[in-house]
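Here, each number is a calculation from the coordinates, and none is a lab measurement. Predicted, not measured: the structure shown is a model, and the values here were computed from it. FYI the Cβ positions are ideal-geometry reconstructions off the backbone, even for glycines, and counts take in every protein chain you see.
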Amino acid sequence: MLLDDERCTAAMKAVLLAGGLGTRMREETEFRPKPMVEIGGKPVLWHLMKSFATQGVTEFVICVGYKGEQIKEYFLNYAAHNNDFTITLGKSSEIIFHDDHLESDWKVTVADTGANTLTGGRVERIQRYVQDERFIVTYGDGLADIDVSALVGFHEAQGRKATITTVRPLSRFGLVDVNRDSAVTRFREKPQMDDWVSAGFFVFEPSIFDYLLDSDDVMLEHEPLARLAAEGQLAAYRHDGFWQPMDTYRESVLLNEMWDGGNAPWKVWP
């Protein structure tokens, strides 16, 4: 039986953008797609999906591109990756998997959306998998403690075609306050910024595809969302909690340190 806060998300699909080149993480992405870089022994993509599933979203469409065959192989052989098994070698190999993994109810569609397609085109190419339903889109390499039900509820209340999640990130640099006499008055170590930035985690109505026609060379957050904003059809959900993208090798190290130290705010599952 679904809990009340799961009912509005249970039928929704989450579309995960996992096809980019990850050029700023060349240390890792030379060998594998960025969403397959591991945190605590599991791909960052798995962490994102686990967070969604814990909140009632268990249907996923993964848009792959660069080294997408690794993501395909991971899910095709998910049981072997995550369970003990016994195999009898021979002409007709028999495999017995021991116990069930905890993701047995996930429904995963892996869609090849092209090696060089930009994010707008990736979403356009998976229209047939979401059909005429509201759906969520996010990047396959960023983690947050987003309350998915609250996000979807906000979107419903706004009555617009799209909602974008915004956050106030920490400054990349420490700040120095200086008075009129050029005297330093204080240091501020990477304070939270006043401005809001996009964290991804979009909610889209099916009409979003009207804004994505012939969009292979278009970034989702450029022309399509700019047009929606100009028409008053884009809402902004403000998330005050944790959000951390994994754009660089340094950020992958940070996320692993948080996981290993037992301080992983995105871990909303038991």
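Neighbour counts of C-beta atoms inside 10 Å place Met219, Met246 in the sequence Met219, Met246, starting with the fewest.
Shown for Lys13, Lys72, Lys50, Lys34: other C-beta atoms within 10 Å of each C-beta, ranked fewest to most, produce the order Lys72, Lys50, Lys13, Lys34.
Taking other Cβ atoms within 10 Å as a rough exposure proxy, Val203, Val253 sort from fewest to most as Val253, Val203. Summarising the strand pairing of the chain, around 50 percent of its internal DSSP beta bridges are antiparallel.
Kirkwood analysis of the Cα pair distances in segment 176-268 returns a hydrodynamic radius of 17.5 Å. Projected onto their three principal axes, the Cα atoms of segment 1-139 cover extents of 46, 44, 30 Å, largest first. Taken along the Cα-to-beta-carbon direction at a fixed 7 Å, the label points for Asp147 and Ile96 span 4.7 nm. If R0 is 25 Å, the Cβ-Cβ spacing of Val197 and Glu27 corresponds to a FRET efficiency of close to 0.50.
Per the helix-only calculation at 222 nm, which mean residue ellipticity applies to the chain, given -39500 (n - 2.57) for every DSSP H run of n ≥ 4 and division by its residues, nearest 500 deg cm²/dmol?
Working: 9 runs with 71 residues, N = 270.
Calculated mean residue ellipticity at 222 nm is -7000 deg cm²/dmol.
Checking (1) 14.5; (2) 19.0; (3) 15.3 against mean projected area of the Cα convex hull in nm² calculated from these atoms, the matching label is (2). Computed about its Cα centre, the charge dipole of segment 67-186 is approximately 740 debye, with only Lys, Arg, Asp and Glu carrying charge at their Cβ.
Please go through the residue pairs Lys42/Lys67; Lys72/Lys161; Lys13/Lys42; Lys13/Lys72; Lys67/Lys161 and name each one whose alpha carbons sit more than 28 Å apart in this structure. Over 28 Å apart, Cα to Cα: Lys72/Lys161; Lys67/Lys161.
Once the Cα atoms of helix 148-158 and of the chain are each reduced to a long axis, what angle between those two axes, in degrees from 0 to 90 to the nearest 10, is obtained? Taking the Cα atoms of the chain, the angle to 148-158 is about 60 degrees.
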